[in-house]
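Remarks on the structure that follows.
No value in this document is a laboratory result; all are computed from the given coordinates. No experiment lies behind these values; they were computed from the predicted model shown. A quick note on method: Cβ atoms are made from the backbone with ideal geometry, for glycine too, and the neighbour counts reach across all protein chains shown.
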Amino acid sequence: MTARFIVLYETPADPAAFDRHYRDVHLPLVRRLPGLRCYTLGRDAVAVRGGEPYYLVAELEWDTMEELRAAFASSAGRANAADSARLQELTPVRSMIYTVDESVL
């Protein structure tokens with residue numbers, strides 16, 4: 001079973017400042033999360049039935065939900081949470097976690 005953490009960032013008022021902080025501060029913190037198996041970034045995600053696109057989508061993956069929770073309970077996880085508060089000042093952020101029960105294709 002795989003556990004995933006999805007983060008959706010709305011378009012920031014200052015995209016250059018957001019990108020600089022994300023690249024120079026946040027990404028190095030994320031890379032330190034224990035057990036992180038995969039980290040994917042995407043741009044301009046648009047809802048199929050309309051709505052504003054998300055500026056950035058991040059998807060993080062662990063082998064289990066327990067590993068995901070342990071990662072965010074670690075010192076690296078706490079550092080990520082603190083920096084996420086800074087990102088929230090730059091743009092609205094939505095996040096969710098879930099487990100992948102099965103692949104159907």
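Observations, loosely collected:
- Quick note on the chain: its Rg to Rh ratio, both from C-alpha atoms and Rh being the Kirkwood radius, is 0.98.
- Ordering Trp62, Tyr22, Thr2 by Cα displacement along the dipole of the chain toward the positive end leaves Tyr22 in first place; charges were set at the Cβ atoms of Lys, Arg (+1) and Asp, Glu (-1).
- Total charge dipole magnitude, the chain, about the Cα centre, Cβ charges on Lys, Arg, Asp, Glu only, Debye to nearest 20: 220
- Around the amide H of Thr2, modelled in the peptide plane, lie the amide H atoms of Val100, all under 5 Å away and 5 or more residues distant in sequence or on another chain.
- In this rough spin-label picture, where each label sits 7 Å from Cα along the Cβ direction, the Ala16-Thr64 distance is 4.7 nm.
- Extending 7 Å from the Cα toward the beta-carbon at both Leu27 and Leu41 defines two label points whose distance is 0.4 nm.
- The mean sequence separation of alpha-carbon pairs under 8 Å and at least six residues apart, normalised by the residue count of the chain, gives a relative contact order of 47 percent.
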